[in-house]
1. Nearest 0.05, what FRET efficiency do residue 54 and residue 21 give at R0 = 41 Å with Cβ-Cβ as r?
2. For the full complex of protein chains and a 1.4 angstrom probe, list 115, 31, 80 by accessible area with the highest value first.
3. Between residue 41 and residue 13, what is the label-point separation in nm under the 7 Å Cα-to-beta-carbon projection?
4. Using a probe of 1.4 angstrom, how much of the accessible area of the chain is carbon and sulfur, in percent?
5. Over the chain, give the accessible area per residue in Å² for a 1.4 Å probe, as an integer.
6. Assuming 1.306 mPa s and 10 °C, estimate D for the range 19-89 with Stokes-Einstein, Rh taken as the Kirkwood radius over Cα pairs, in µm²/s.
7. With the crude spin-label approximation of a point 7 Å out along Cα→Cβ, what separation in nm comes out for residue 100 versus residue 66?
8. What does the helix-only formula give at 222 nm for the chain: each DSSP H stretch with n ≥ 4 adding -39500 (n - 2.57), the total divided by the residues, and the result rounded to the nearest 500 deg cm²/dmol?
Amino acid sequence: MREDICEVRMVHHERVEKARDGLAEENDTRRLAETFKIMGEPSRLRILMALAAEELCVCDLSALLDLSESATSHQLRLLRNLRLVKYRKQGKMVYYSLDDDHIRGLIDQGLVHVRERES
């Protein structure tokens, strides 16, 4: 018999209802999953981490992350489509930053989680 499953099948209805109340709407769940999926690619996550520290242009990000400008622009477009980053144009320059502090919070919480596992 496996230790990681119940030996007896019994549904705890109060617990199930409490858990059901904690679930997000299906559309919100899908959008959150898309956000985590996009953030799950290392290059995009590094872009977000860099932008959490400083507003940067594509050239800056490319140099920092050792990516081509084309690859960097592609990743930024994906991040922008999910409203994880925003841009502003100043003259001939385009600067990127995080769309809001929630993204920084997700990154910070994720780092706390993975670092506590290392200890």
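The values are calculated or read from the model by the stated rules, or taken from the named source; none is laboratory data. Everything quoted here is computed from the prediction, not taken from an experiment. Cβ: placed from backbone, ideal geometry, glycine included. Neighbour counts: every protein chain shown. Heavy atoms of the whole protein, side chains included, go into the accessibility calculation; ligands, DNA and RNA do not. Shrake-Rupley method; radii C 1.70, N 1.55, O 1.52, S 1.80 Å.
1. According to the calculation, E is roughly 0.50.
2. Order by accessible area, largest first: 115, 31, 80.
3. 4.7
4. On the way: 4850 of 9430 Å².
Ligands and nucleic acids excluded, carbon and sulfur reach 51 percent.
5. Per residue, the chain has an accessible area of 79 Å².
6. Using the Kirkwood radius from Cα pairs, D works out to 120 µm²/s.
7. Spacing of the two 7 Å Cα→Cβ label points: 3.6 nm.
8. Working: 6 runs with 75 residues, N = 119.
That calculation yields -20000 deg cm²/dmol at 222 nm.
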